Structure formats: structure tokens, C-alpha cells
Amino acid sequence: MSVFLSDLVFWSTGNAFWAEASFWLLGFALLMSAAAALAGFADFLGNSRVRSINAAWHHMVGNVVAVVLALASFILRLSAGAAEGALPWGLALSTIVVLLLLYTGWKGGTLVYEHRVGVHPEEGEDVNSRPELSR
């Protein structure tokens, strides 16, 4: 989201500071996404119940696509320069990434609040008595 916002500020002001900010924010976001991906893939690949939930597939595939697009944006900005890579393609890519992350965040919420993925069962709760928990 911060890359998208700084891209918008660069687009509206033309101040190269914001293009540089987008470049560095994007690099940091890619590092953090690598760490998140390790945890996400461990959950996804290590639990057959999680893999059987449709929202988990949407969450995972959407996040992978978002990271690939962010990486493409980073490479574009690295090769062309922060300001030159920001418009129009950097802004277009950051817009798509934000939309994807909003969607995958919603699907992640579905995993937690509807399917209780990653949630410790409450005391006395029988996960086998609730179909959404035993999938």
C-alpha cells in the first residue's frame, strides 16, 4: 500500500523523492514477502485440511501473483531508474498489487474467521462436530 501511495504522490507532484521512496519501499516489501511466504507455504503444504479449503488456494495464488508483479515492478525501476520506472508501469503494477492484496487479505480473514485456520480451539470445542473446522 505504501508503494502505491508514494507512486500516487510522485504522479501528482513530480517530486523524484517519492519515486525513490517507492523503490526502497518496494525492496523492503519484497524482503518481508519472502519471510511471509515461508510461513504461508509451511502452513499450506503441511496441512491437508488447509489445502482442501478453496479460500486457501485463492489466498496463496493471489499472494504469489502479487509478489511476482511486485518483483517485476522492482526490476523495472532498478533497470530504468526509480522515476522513469514509476510512470506509467510502476504505478499500474502497484495498483494491481494493492487490489490483489486487498482480495487475498479478505481471503486470509475468511481462513481465520470462518475456517478457524491458525486458531486454537476453544476449551471444550470439538472440531469434529463443526464441518467447517474438520475439512
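None of the figures in this text is laboratory data; all of them are computed from the coordinates on show. Model, not experiment: these values are computed from the prediction.
Listed values, structure above:
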quantity: Size-normalised alpha-carbon gyration radius of region 43-109, reference 2.2 N^0.38 Å; calculated: 1.36
quantity: Three principal axis lengths of region 14-60 [C-alpha, angstrom, descending]; calculated: 49, 18, 6
quantity: Gaussian network model of the chain, Cα within-10 Å springs - most flexible of L100, L45, L69; calculated: L45
quantity: Under the Karplus curve 6.51 cos²θ - 1.76 cosθ + 1.60, θ = phi - 60°, whole-Hz ³J(HN,Hα) for region 52-60, x wherever Gly or Pro sits; calculated: 7, 8, 4, 4, 5, 5, 4, 4, 5
quantity: The chain, helix-only ellipticity at 222 nm - DSSP H runs n ≥ 4, -39,500 (n - 2.57), divided by all residues, nearest 500; calculated: -25500 deg cm²/dmol
